[in-house]
Amino acid sequence: MGKLKAEKMVLGMVQTNTWFAVNEQTGEVLIIDPADCADKIERKITEAGWKPTAILLTHGHFDHIGAVESLRRTYGILCYAGEEEKEVLENTEWNLSASFCRTGFALRADRFLADGQVLELAGFEIHVIHTPGHTKGGVCYYLPEEKAVFSGDTLFRTSVGRSDFPTGSMSELVRSVRAMFEQLPDDTAVYTGHNSTTQIAYEKRFNPYI
């Protein structure tokens, strides 16, 4: 335990948290939800001396994927996403880029992940948790040894993600968060897709949606 340093940049038109899961022992880094401004992300990585290992996507909305193509080319790394999110990533209406951007864009992930799958990346053991509700194929990434979960837009501090976009469902979202509460220890840090970091124990007590 204790290898993880989580750092973020707030990027893009809707202030998305792009997370860097840094292995302090090796300098390897996972880029989680690279929202936009690939040049800023690359500059931060260069200045910090990190070694990018992979891109992890919690879901396929435009504000979480804007810098993927550039980063993938620059570093020659793979992009991972939930297996049920393929259509969202590849559909400009469903990923909302057609509505919010001048030009809609689609994305193809390199690897698709199943619920319960365990990855070994950047020296971390990463458990994939399928959390439908914000989108049908959304996932959270749980690092048990680091007591951390990257929740994307599934769980926020005293809130949850929107469910009124294509493939969303509030009932599924609530079930997903309740399942996370049952599965994850109270002292798990929650690194969210927008706004502030929180903790499972805090959300169990104060989140009005659950």
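Taking segment 62-88 only, how many residues are more than 19 Å from M13 (Cβ to Cβ) and of a type outside the set (F, W, Y)? Reasoning before the result, please.
First, pick out the residues of segment 62-88 that are more than 19 Å from M13 (Cβ to Cβ): 72-87.
Next, only the ones that are of a type outside the set (F, W, Y) stay: 72-74, 76-79, 81-87.
Counting residues in segment 62-88 that are more than 19 Å from M13 (Cβ to Cβ) and of a type outside the set (F, W, Y) gives 14.
Give the residues of segment 13-41 that are over 22 Å from D187 (Cα atoms), in contact with a His (Cβ under 9 Å, 6 or more places away or on another chain) and surrounded by 20 or more Cβ atoms within 10 Å (Cβ to Cβ), sorted by residue number.
Scanning segment 13-41 gives T16, T18, D33, P34, A35.
Given the conditions (1) open to solvent by less than 10 Å² (accessible area, probe 1.4 Å); (2) part of a strand (DSSP E or B); (3) over 15 Å from G152 (Cα atoms); (4) of a type in the set (V, I, T), and given that I55 satisfies all but one, which numbered condition is not satisfied?
(3)
Sort out which residues of segment 156-202 are touching a Phe, Trp or Tyr at 6+ places or on another chain (Cβ under 7 Å) and more than 17 Å from G133 (Cα to Cα), and write them in order of number.
L184, Y191, N195, T197, I200, listed by residue number.
Please go through (1) surrounded by fewer than 22 Cβ atoms within 10 Å (Cβ to Cβ); (2) modelled with pLDDT of 95 or more; (3) of a type in the set (S, T, Y) for Y80 and return the number of the only condition it doesn't satisfy.
With respect to (1) surrounded by fewer than 22 Cβ atoms within 10 Å (Cβ to Cβ); (2) modelled with pLDDT of 95 or more; (3) of a type in the set (S, T, Y), Y80 is out only on (1).
Being of a type outside the set (A, V, I, L, M, F, W, C), over 22 Å from S169 (Cβ atoms) and touching a residue at least 24 places away in the same chain (Cβ under 8 Å), is that true of even one residue in segment 114-121?
The initial filter retains those residues of segment 114-121 that are of a type outside the set (A, V, I, L, M, F, W, C), namely 115-117, 120.
When the remaining residues are screened for being over 22 Å from S169 (Cβ atoms), the result is 117, 120.
With touching a residue at least 24 places away in the same chain (Cβ under 8 Å) added as a condition, the list becomes none.
No; the residues of segment 114-121 include none that is of a type outside the set (A, V, I, L, M, F, W, C), over 22 Å from S169 (Cβ atoms) and touching a residue at least 24 places away in the same chain (Cβ under 8 Å).
Only one residue in V149, V177 is open to solvent by less than 30 Å² (accessible area, probe 1.4 Å), part of a strand (DSSP E or B) and among the β-branched types (V, I, T). Which one?
On the way: V177 fails: part of a strand (DSSP E or B).
Result of the check over V149, V177: V149.
Sort out which residues of segment 68-77 are more than 23 Å from L155 (Cβ to Cβ) and open to solvent by less than 50 Å² (accessible area, probe 1.4 Å), and write them in order of number.
Quick first cut of segment 68-77, residues more than 23 Å from L155 (Cβ to Cβ) only: 69-77.
Hits for segment 68-77 are S70, L71, R72, I77.
Taking segment 4-34 as the search range and keeping residues that are assigned to a loop (DSSP other than H, G, I, E, B) and at pLDDT 95 or above, which one is nearest to the chain's Cα centre (by Cα)?
Let us first name the residues in segment 4-34 that are assigned to a loop (DSSP other than H, G, I, E, B), namely 12-15, 24-27, 33-34.
When the remaining residues are screened for being at pLDDT 95 or above, the result is 15, 24-27, 33-34.
Values: Q15: 14, E24: 20, Q25: 23, T26: 22, G27: 20, D33: 5, P34: 9 Å.
Filtering segment 4-34 for residues that are assigned to a loop (DSSP other than H, G, I, E, B) and at pLDDT 95 or above, the one nearest to the chain's Cα centre (by Cα) comes out as D33.
Among the residues of segment 152-161 satisfying the criterion of being surrounded by fewer than 24 Cβ atoms within 10 Å (Cβ to Cβ) and not aromatic (F, W, Y), which is nearest to A6 (Cα to Cα)? First the steps, then the outcome.
So in segment 152-161, the residues surrounded by fewer than 24 Cβ atoms within 10 Å (Cβ to Cβ) come out as 156-160.
Okay, now just the ones that are also not aromatic (F, W, Y), so 157-160.
Working: R157: 17, T158: 21, S159: 21, V160: 21 Å.
Result: R157.
Can you find, within segment 93-138, the residue that is most open to solvent (accessible area, probe 1.4 Å) among those that are over 15 Å from the mean Cα position of the chain (by Cα) and aromatic (F, W, Y)?
Within segment 93-138, the match that is most open to solvent (accessible area, probe 1.4 Å) is F100.
The values are calculated or read from the model by the stated rules, or taken from the named source; none is laboratory data. Predicted model only: the values in this text are computed from it and were never measured. Don't worry about glycine lacking a Cβ; one is built from the backbone with ideal geometry, like all the others, and counts go over all protein chains shown. Quick note on the areas: whole protein, heavy atoms, side chains included, nothing else; ligands and nucleic acids left out. Shrake-Rupley method; radii C 1.70, N 1.55, O 1.52, S 1.80 Å.
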